[in-house]
Number of protein chains: 2
Amino acid sequence: MHDIKNFIRDIPDFPKEGILFRDITPLLQDAAAFENSVNQLAGLLEGQDIDYLVGIESRGFIFASALSMKMQKGFITVRKPGKLPFTRIQESYDLEYGSDSLEIHDDSLKDGKNVIIVDDLLATGGTALATGNLIKQLNGNIVGYLFLIELTELEGAGKLGTENVWSLLKYND
Amino acid sequence: MHDIKNFIRDIPDFPKEGILFRDITPLLQDAAAFENSVNQLAGLLEGQDIDYLVGIESRGFIFASALSMKMQKGFITVRKPGKLPFTRIQESYDLEYGSDSLEIHDDSLKDGKNVIIVDDLLATGGTALATGNLIKQLNGNIVGYLFLIELTELEGAGKLGTENVWSLLKYND
């Protein structure tokens, strides 16, 4: 068994001073470790009734796509503004300075469909919460949120309004 | 057998007037059709000696990730500037107006490793060629280029400097 954390590289002061960035590219580059991480992520969802995995642009696409293949579920993309071509809805979320938005196609899912929201990283929870709000606008049922990495100190999980927040790797520094 | 083209939606005048955009989101949302497309893409690579799949941000991540899982190969990301945290190299490419750049971590692969460059769409070939140049700078061996969709009229394949340009769906209008 690989220890997945060994494949996560710490990069100090990225994207700016004082931030310790968790770089997942060494994990992705190692075929066995990547597959192992996806299998373990799928394991966290065992027993859940799921119709779709919702991936948040861009790194969320990587894990949502791999999990779609592994679990044979549909894959829905949530993207930055201006990227999705069909009719869509938008949610804004606050950044440290200013705000940003995410979009979803308004025909992405039917009422009551069960979704898991997937991203590589849970930090403050802003993008995940905005994605959850998009799913609610479409009358989807949020089964839970799934992350490769959770920065527990930032307490993002508490903002998501559900107990079902799963993460494979927790960091508290 | 699904006809994959039935899951590609035509969106006129996106991202601007006169462009017919091929929307892959209906394909992704259908678990069986998505899996089928990934299996067929993997089939196009049969018999090739491959170490890594290189995915181009953002939609290229979706197929490169799924293929990594399917083929048990490493996955390397090529990203827009400012996204990759470790030391990296850059290639620029021309757009209709101005230019843009792509980056790769400089420790992504060792000399002589065999890579397939993956994206959802081959149009004029600018981003694919820039990605190929990044791989060459790192002394990687480009086995070929793989796309879900090829817009044949734009003749991007001819710019890539190899016969090994594979695409699952060709459109000539």
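The values are calculated or read from the model by the stated rules, or taken from the named source; none is laboratory data. Fair warning: this is a prediction, and the values are worked out from it, not measured in the lab. Counting neighbours? That spans all protein chains shown, and the Cβs are built from the backbone with ideal geometry, glycine included. Only protein heavy atoms, including side chains, enter the accessible area calculation; ligands, DNA and RNA are left aside. Shrake-Rupley method; radii C 1.70, N 1.55, O 1.52, S 1.80 Å.
What's the number of the only condition in (1) more than 10 Å from chain B (Cβ to nearest Cβ); (2) modelled with pLDDT of 95 or more; (3) more than 27 Å from B:Leu109 (Cβ to Cβ) that A:Lys73 fails to meet?
Going through (1) more than 10 Å from chain B (Cβ to nearest Cβ); (2) modelled with pLDDT of 95 or more; (3) more than 27 Å from B:Leu109 (Cβ to Cβ) one by one, A:Lys73 breaks only (1).
Could you give me the residue pairs with C-beta distances under 9 Å whose first residue belongs to the stretch A:96-120 and is within 24 Å of A:Leu169 (Cα to Cα) and away from every other protein chain (no Cβ under 12 Å), whose second residue is exposed (fewer than 14 other Cβ atoms within 10 Å of the Cβ) and among the polar types (S, T, N, Q) wherever it lies, and which are 6+ apart or on separate chains?
Going by the 9 Å Cβ cut-off, there are no qualifying pairs.
What number of residues in the stretch B:29-50 are open to solvent by 20 Å² or more (accessible area, probe 1.4 Å), assigned to a helix (DSSP H, G or I) and more than 10 Å from chain A (Cβ to nearest Cβ)? Before the answer, list the steps.
Filtering the stretch B:29-50 for residues open to solvent by 20 Å² or more (accessible area, probe 1.4 Å) gives B:29-32, B:35-36, B:39-40, B:43-44, B:46-49.
Now restrict to residues that are assigned to a helix (DSSP H, G or I): B:29, B:31-32, B:35-36, B:39-40, B:43-44.
Then keep just the ones that are more than 10 Å from chain A (Cβ to nearest Cβ); that gives B:36, B:40, B:43-44.
Residues meeting the conditions: 4.
Would you pick out the residues in the stretch A:125-154 that are touching a residue at least 12 places away in the same chain (Cβ under 8 Å) and open to solvent by 40 Å² or more (accessible area, probe 1.4 Å)?
A:Thr127, A:Leu129, A:Asn133, A:Gln137, A:Asn139, A:Asn141, A:Thr152, A:Glu153, A:Leu154
Which count do you get for residues in the stretch A:75-102 that are surrounded by 20 or more Cβ atoms within 10 Å (Cβ to Cβ) and closer than 24 Å to A:Ile24 by Cβ?
Going through the stretch A:75-102 one residue at a time, the tally reaches 6.
Name every residue in the stretch B:1-48 that is free of Cβ contacts under 8 Å to residues at least 24 places away in the same chain, among the aliphatic types (A, V, I, L, M) and in contact with a strand residue (DSSP E or B) (Cβ under 6 Å, 6 or more places away or on another chain), in order of residue number.
Result: B:Ile11, B:Ala31.
May I ask you to list the residues in the stretch B:115-124 that are surrounded by 19 or more Cβ atoms within 10 Å (Cβ to Cβ) and closer than 23 Å to B:Thr25 by Cβ? Reasoning before the result, please.
So the first thing to find is which residues in the stretch B:115-124 are surrounded by 19 or more Cβ atoms within 10 Å (Cβ to Cβ), and the list is B:115-122.
Listed by number, the residues that qualify are B:Ile117, B:Val118, B:Asp119, B:Asp120, B:Leu121, B:Leu122.
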